[in-house]
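The structure appears below as structure tokens.
The values are calculated or read from the model by the stated rules, or taken from the named source; none is laboratory data. Keep in mind it's a predicted model, so treat the numbers as computed, not measured. Cβ: placed from backbone, ideal geometry, glycine included. Neighbour counts: every protein chain shown.
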Amino acid sequence: MKIKPRLLLLCLCIAAFTGFSGCLRSTEISDLPLTLGLGVDKSDDPAGFKIIAQIAKPSQLKNPASGGGGGSSEPAYANFESGGETIFDAIRNLTKMIGDRIFASHSEVLLFGNGIAREGMRDYIDFFLRNPDVRPSAYIIVTQSTVKEIMDLKPLLENVPVTSLKRILKTQEFTSETAKVTLIEFTSCLMSKTKSAVAPVAGVAENGGKKAAFISGLAVFKNYKLAGTFNRKETRGLLWVLDKIKKGILNVPKKEDGKKIAIEIISSKCKAIPEIKGTKLRVHIKIREQGSLSEQPVGDDFISLDGLEYLKQAQADAIKDEIMSAFNKSVELKTDPFGFGELLHKKYPKEWKNMEQYWDSLYPTIELVFDIKTSLVKTDAITKSVSPE
Amino acid sequence: MGYLFKKIRLAKLLNENRKNVDLDDEREQKLISKDLGENIKDLRSVIDSGGDIVLREFCIGNDNKPNAAVVFIEGLVNKDILDASVLKPLMFLSALPDKSKSGLHDIDFIENNLLSAGNISRFSAYDELIDNLFSGEIILLVGGASEGLVINAFDPKTRAVEPPMTESVVRGSREGFTESIRTNISLLRRKIKNPDLCFEKIKIGKKSKTDVAVAYLKSIADPALIEEIKKRLGEISIDAVLESGYIEQFIEDAPFSIFPTVANSEKPDKVAAKLLEGRAAIFVDGTPFVLTVPMLFIESFQRSEDYYARPYYASMIRLIRFACYFISVLAPAVYIALTTFHQELIPTKLLLTLAAGHEQIPFPSVIEAFFILTVFEILREAGITMPQPVGSAVSIVGALVLGESAVTAGLIGPFMVIIVALTAISGFVVTAQIDSATVLRFVFLILAGAAGGFGIIMGMLVVGIHLASLRSFGIPYLSPISPFMPAEQKDALIRAPLRTFIFRPTSIVKKNITRQNPGALRKNNEKNPGGQNEN
Amino acid sequence: MNLEKGRITGRQFAFLLAGFIQGSIFLLSFVTNLTKHDTWLALLAAVTLIIPYTAVYFTISKKFPDKNIIQINDEVFGRYLGKIISLYYIIYFNIILSLNLKDLGGFYSSYLIQDQPVDYFTVVFIAVLSYLLWKGIENLARLAYLFVGAAYFIIVSTTLMLMPQMQLSNFLPVFDVSVKDFVKGAHLIASLPYAEMITFLMITPAVNDKKSLVKNAYLGLSLASVSFFIVVFRDTAVLGNLEPILASPAFEAVRLINITGIFTRMDILIGVGNTLLVFLKCGVFFYASVLSVAQFCGLKDYKTVIFPLGVLSVVLASALYESTIDNMVVTQITEILSTMMLQFIIPPVTLLVAKLRKLPGREAVKN
């Protein structure tokens, strides 16, 4: 007789489990607006910004060749723009156009327009970090001009503009002239009192009559606001100190005529150690670099002890030059992208308390002390230069 | 809950059968008469009811009036034994002059001097007569004797020993049990030639009187286990036992669980191995499936070939088997949970491909999965029950028409077909758990459809707790995984080299646990003086 | 009168305890926003604080091997005071159970299945827990090592996968927080996951191996603490100065995993691990509250109170606090005061009184 209530309870449980869940968010993947990238740009709205979402059209992605008519098939993406009083408001306003809430978990790239960056990221970054849909590992990119220009530009190889941007970012390590910056790294810098946030810069270039997007250099922020940009050389200089160099080409001049020799960076290790000596601030920069001789002008042969010595020295000089130019630029922009302030904070927590408020004026007085050891470990496929014997 | 059901059912059964039980008691008390004619009169009613019963009256010695009778069932009895060892000696040899003197009607004389059949026993109760008659023995009734003789001449017409249908192997013994309990016992006896191996026979089924034998190794099996088995078998009170499945369902610990707690096998070598690990086997006449208890969950993942192959491959295959069980239970559910709830967990490129594949499908993924899984079950059932010649038609219709066309028509997605196919194939790897896997697959599908990953985890927790609470004849079903037994991990997820199997599984065996005696481990054996060097 | 007949071995007890403490591992955010990158120091302090207390807790149950804390209270403090103290325990068990339920529900509704009310998760969760209690807590004890193993697997594997993103300089400068925050944080860690082990005084009567109870408790404690250190290390090394503002640092850290673009999106691991551990933890709490209520009311079988208490805890869970922020503030301020007495003052007093009154009598000690 005891069975009946228990069976009833079981049925109740099952009913509750499935019934309650009627309001669960269960969406078929084909119905999801798969957002591959999000952009924030300036607009004439009173709020001053608009949001652009790039949404994939999976059926177009599947087989771009066999779709529709030959050649000019439909793009595999669609861009939607919307404004609002806050970012989230703008994103929800997209729903009116799209027909469902956008699904941002797969937006691996977040683009910020130049205007927005210049005005300050303060009001825009919170949403992206707070919203559980947006991944903290999404890449931040600042555009040279408008976001729309980049997001509307159909890439030549890929199907979707933002995917192509992500691919470019991933391969930045071959030049080390820009950097991948994730949302969480970016925010981490914004939360630091002294360290300046950086973000890669995307622009549009002519490429044989067609336009193509590229990413090069870094945008440097000061107090949420874009302070300026580092060019290739300055970027590399910054990356040396941040120990983010993977690969890249160092062009060093030949002694006699200044013709360039290409040395590929194979590996690099850097340590920046701050030091307080009296009233002087010093940062020791210790770099261990290995390169390979990858290209040289025909005729000259560096395969000798002297030649190697010269190349090593030239590498060290080039590295030092890059770092110095980056440092000078950062002084000029009144920023601290190297994070020297943080280094001091960590090593001298007590002294730091007094220094913190004067950091802007202390920063330019930092003396960089270099300890760069380079080596040339290989010469690739040929050992001698191409020259008649 | 199960216990209550059982109790109610038992009570009902007992109530209804009280009358029958009374009748049985009355008959049991009845003894056979000294008068042959009276006995035959009694038997008439039985004989008339079945056309296959033969009663042959004849004369022993030189009497002219029939003074003896044989009763047997045509077709069950070996005619050779009847003619040459029973009728001939009784009718001819008894007539020899020197033998005619000593009382011909003396049943001792007949048994000891005349009958040349091998297996003879006596009876005095009428009930025994009937039992033996229907077991296919020859009944000899002699006028003037208060006892009758049973001459064993049972000759069941069974098929020969053939490779088992369900557990085919690449390496190892190819013989399988048959429908005859005698053959089956002899097959097992050939594997373990030792007086340790004993069989205890009982008859179960009020109408069918089916022979059931409990086999175990006296020196290894836990006496408490044997007692428990006999107790549970004794409690069975049904009409007929047509297959060992009947016995299984009456003796299992958790009749309402979806997991089987009694194992079965068709292979003598497998049953022998289980007996050597301290288990008991239950043979049932009329089926090649022999039950073994207690059953552990991991037994479902062990095959006899694991022990015949070398350990590396055997271990790898066993791990794959575990994986297959999880795939067959969870694959559709996980797919549904990922594609309808946790899309952020799918890599972007894969997600785009999946989205493109699902674009034209008019149904939600859950319905789609439910549909294909049901179709698969239908196909499977049809494939089994369908006559052989039609079988190929089913596979063509199933694979081509349903699968191919449904995808091209855009009714179901190609990915779902892949998932279900994988699920189905994986399910067949672990044959012992096919039924539990099938049920769980649907349950988890519903859970995943209702609450995604949360539903799956909750479901797994319930199943896990259920498994942990299950027992098979007192042994925790999940042992040696839970409770964890370090020594037995050698034969759980992996199969260690046989050399390292020094002890029997201690989760089952309580005494005499040593099974190997390599010199290096002599010390261990001293600790267990009961240990014998068995294999 | 011993309600639970299930038997738990010493080793199972250790793992159950380990898993129980680990239950709070992925929700450490309540301390990280106080102690920032020095959380590991606070953890160290907490563990040091809890080591003697572990001995105190389990010496009590060693003294009264067949009694749970409700029975011990009756014996040590007498009928009336004992009942009052028991009531305190019962309320504690129930409230902590509801808090944990709500935490899990909150975790699900904010990360894994959004838009779903928290109550849905707590209801389903308590239903599964009821099934567990119906079958007996010893089933959970037998599975506990699998839970702990799974948790360790998840913790260690994610830590290895995050290795490239770790920056040891995030730990510098050492001890950069105010002493007040540090003490607060250390006390929070000691009281929240660790001292909650007082709940095990309801379970110890079912443990086989009474002699090595304290030893096994230390085994469990160290198992849990090692994983705590790994998680705190990983989170701080990966997240740096961002850690204090995140609602669930463990979850965010794991979301950053990216190994050659293939091993990404490992969040589900944390989801699974968290669910398993919280399940274990809530199982122990639910068992403790159900058994203690049954004991308090003098019932013979605790099964009758499973359903009412289940309903009660669901209701409590939705009524206790409105949001996680509420909870965080409440936890940091009031919880401490209310639980401090129970966790850190009453147990030593119990032991002391028992000693003074020469309890238990000689016959009891022999058993």
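How many residues are modelled with pLDDT of 55 or more and crowded, with 19+ Cβ neighbours inside 10 Å if we restrict to the stretch B:514-535?
Taking the stretch B:514-535 and keeping what is modelled with pLDDT of 55 or more, we get B:514-519.
Applying the additional criterion that residues be crowded, with 19+ Cβ neighbours inside 10 Å yields B:514-515.
Selection size over the stretch B:514-535: 2.
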Unmet requirement for A:Ala205, which otherwise passes all of (1) assigned by TED's automatic domain parsing to the domain that holds A:Phe80; (2) more than 29 Å from B:Lys349 (Cα to Cα); (3) surrounded by fewer than 21 Cβ atoms within 10 Å (Cβ to Cβ)
(2)
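Please verify whether C:Ile72 is free of Cβ contacts under 8 Å to residues at least 60 places away in the same chain and either away from chain A (no Cβ under 14 Å) or under 22 Å from C:Leu129 (Cβ atoms) (or both), treating the condition exactly as stated.
In short, no.
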Output for the stretch B:439-471, where each listed residue is surrounded by 20 or more Cβ atoms within 10 Å (Cβ to Cβ) and away from every other protein chain (no Cβ under 13 Å)
B:Leu440, B:Arg441
Test set (1) away from chain A (no Cβ under 14 Å); (2) touching a residue at least 24 places away in the same chain (Cβ under 8 Å) - C:Leu162 fails condition number:
(1)
Selection from the stretch A:168-188 of residues that are assigned to a helix (DSSP H, G or I), surrounded by fewer than 23 Cβ atoms within 10 Å (Cβ to Cβ) and of a type outside the set (D, E, K, R)
A:Ile168, A:Leu169, A:Thr171, A:Gln172, A:Phe174, A:Leu183, A:Thr187, A:Ser188
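Quick check on A:Gly237: is it under 17 Å from the mean Cα position of the chain (by Cα), in a strand (DSSP E or B) and closer than 28 Å to A:Asp317 by Cβ? Please lay out each step first, then the result.
Working: under 17 Å from the mean Cα position of the chain (by Cα): yes; in a strand (DSSP E or B): no; closer than 28 Å to A:Asp317 by Cβ: yes.
Criteria not met by A:Gly237.
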Residue check, C:Tyr152 facing chain B (nearest Cβ under 9 Å) and aromatic (Phe, Trp, Tyr)
no
Would you check if C:Thr39 is among the hydroxyl-bearing types (Ser, Thr, Tyr), more than 20 Å from C:Ser191 (Cβ to Cβ), buried (at least 24 other Cβ atoms within 10 Å of the Cβ) and in contact with a helix residue (DSSP H, G or I) (Cβ under 8 Å, 6 or more places away or on another chain)?
no
Considering every residue within the stretch A:135-154, establish whether at least one is among the polar types (S, T, N, Q), within 14 Å of chain C (Cβ to nearest Cβ) and touching a residue at least 60 places away in the same chain (Cβ under 8 Å).
no
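What about C:Leu140, is it in contact with a Phe, Trp or Tyr (Cβ under 7 Å, 6 or more places away or on another chain) and crowded, with 23+ Cβ neighbours inside 10 Å?
Working: in contact with a Phe, Trp or Tyr (Cβ under 7 Å, 6 or more places away or on another chain): no; crowded, with 23+ Cβ neighbours inside 10 Å: yes.
Answer is no for this residue.
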Just to be sure, is C:Thr204 more than 18 Å from C:Ile25 (Cα to Cα) and modelled with pLDDT under 85?
no
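How do the strands (runs of 3 or more DSSP E) wholly within the stretch B:256-301 filter down when requiring 2 or more residues that are among the aliphatic types (A, V, I, L, M) and buried (at least 21 other Cβ atoms within 10 Å of the Cβ): which remain? Talk me through it step by step, then tell me what you get.
Details: elements: B:263-265, B:280-284, B:290-293.
Fully inside the stretch B:256-301 and qualifying: B:280-284, B:290-293.
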Subset of the stretch A:194-234, residues of a type in the set (Val, Ile, Thr) and assigned to a loop (DSSP other than H, G, I, E, B), comes to A:Thr194
Six or more apart or on different chains, Cβ under 7 Å: which pairs go from a residue in the stretch B:305-332 that's modelled with pLDDT under 95 to one that's among the acidic types (Asp, Glu)? Could you list them?
B:Ala314/B:Asp306; B:Arg318/B:Asp306
Evaluation of B:Ala153 against (1) modelled with pLDDT of 90 or more; (2) surrounded by 14 or more Cβ atoms within 10 Å (Cβ to Cβ) (one fails), failing number:
(1)
Among the residues of the stretch B:319-369, write down those that are closer than 17 Å to B:Leu447 by Cβ and facing chain A (nearest Cβ under 7 Å).
B:Thr339, B:Thr340, B:Phe341, B:Pro364, B:Ser365
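Which one is surrounded by the most Cβ atoms within 10 Å (Cβ to Cβ) among residues in the stretch B:343-364 that are in contact (Cβ under 8 Å) with a residue 24 or more places away in the chain and assigned to a helix (DSSP H, G or I)?
Keep residues of the stretch B:343-364 that are in contact (Cβ under 8 Å) with a residue 24 or more places away in the chain, which gives B:354, B:357-358, B:360-364.
Checking the rest, the ones that are also assigned to a helix (DSSP H, G or I) come to B:354, B:357-358.
Values: B:Leu354: 21, B:Gly357: 20, B:His358: 23.
For the stretch B:343-364, the residue satisfying everything is B:His358.
Please specify each residue of the stretch A:298-312 satisfying the condition of being on the phi < 0 side of the Ramachandran plot and touching a residue at least 60 places away in the same chain (Cβ under 8 Å). Don't jump to the end; show me each part of the working.
Step one: of the stretch A:298-312, the residues on the phi < 0 side of the Ramachandran plot are A:298, A:300-312.
Answer for the stretch A:298-312, where residues must be on the phi < 0 side of the Ramachandran plot and touching a residue at least 60 places away in the same chain (Cβ under 8 Å): A:Val298, A:Asp300, A:Asp301, A:Phe302, A:Ile303, A:Leu308, A:Leu311, A:Lys312.
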Going through (1) assigned to a strand (DSSP E or B); (2) closer than 30 Å to B:Thr431 by Cβ one by one, B:Thr178 fails only at (1)
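Working carefully through the options B:Leu76, B:Leu82, B:Leu90, B:Leu55, find the one that is surrounded by 11 or more Cβ atoms within 10 Å (Cβ to Cβ), at pLDDT 80 or above and over 20 Å from B:Ser135 (Cα atoms). Step through it out loud before you land on a result.
Numbers: B:Leu76 fails: over 20 Å from B:Ser135 (Cα atoms); B:Leu82 fails: over 20 Å from B:Ser135 (Cα atoms); B:Leu55 fails: over 20 Å from B:Ser135 (Cα atoms).
The match here is B:Leu90.
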Filtered residue count, the stretch C:225-276, keeping only those that are in contact with a Pro (Cβ under 8 Å, 6 or more places away or on another chain), surrounded by 20 or more Cβ atoms within 10 Å (Cβ to Cβ), within 26 Å of B:Ile457 (Cα to Cα) and within 8 Å of another protein chain (Cβ to nearest Cβ):
4
When the stretch A:23-55 is checked residue by residue, the ones that are more than 14 Å from chain B (Cβ to nearest Cβ) and among the basic types (Lys, Arg) are A:Lys42, A:Lys50
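Here are B:Ile185, B:Ile220, B:Ile226: which of them is assigned to a loop (DSSP other than H, G, I, E, B) and either β-branched (Val, Ile, Thr) or surrounded by 20 or more Cβ atoms within 10 Å (Cβ to Cβ) (or both)? Let's see the steps before the verdict.
Numbers: B:Ile185 fails: assigned to a loop (DSSP other than H, G, I, E, B); B:Ile226 fails: assigned to a loop (DSSP other than H, G, I, E, B).
Only one candidate qualifies: B:Ile220.
Does C:Tyr145 meet the test of being farther than 26 Å from A:Ser105 by Cα, part of a helix (DSSP H, G or I), among the hydroxyl-bearing types (Ser, Thr, Tyr) and within 11 Å of chain B (Cβ to nearest Cβ)? Before the answer, list the steps.
On the way: farther than 26 Å from A:Ser105 by Cα: yes; part of a helix (DSSP H, G or I): yes; among the hydroxyl-bearing types (Ser, Thr, Tyr): yes; within 11 Å of chain B (Cβ to nearest Cβ): yes.
Judged against the criteria, C:Tyr145 is a match.
Return yes or no: is A:Ile140 of a type outside the set (Asp, Glu), buried (at least 21 other Cβ atoms within 10 Å of the Cβ) and either on the phi > 0 side of the Ramachandran plot or not in a helix (DSSP H, G or I) (or both)?
Spelling it out, A:Ile140 is indeed of a type outside the set (Asp, Glu), buried (at least 21 other Cβ atoms within 10 Å of the Cβ) and either on the phi > 0 side of the Ramachandran plot or not in a helix (DSSP H, G or I) (or both).
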Within the stretch C:276-301, residues at negative phi and modelled with pLDDT under 90 come out as C:Gln295, C:Phe296, C:Cys297, C:Leu299, C:Lys300, C:Asp301
Candidate set: the stretch C:79-113, residues that are of a type in the set (Gly, Ala, Ser) and at pLDDT 85 or above; chosen: the one surrounded by the fewest Cβ atoms within 10 Å (Cβ to Cβ):
C:Gly82
Residue among C:Lys210, C:Lys180 that alone is among the basic types (Lys, Arg) and in contact (Cβ under 8 Å) with a residue 24 or more places away in the chain
C:Lys210
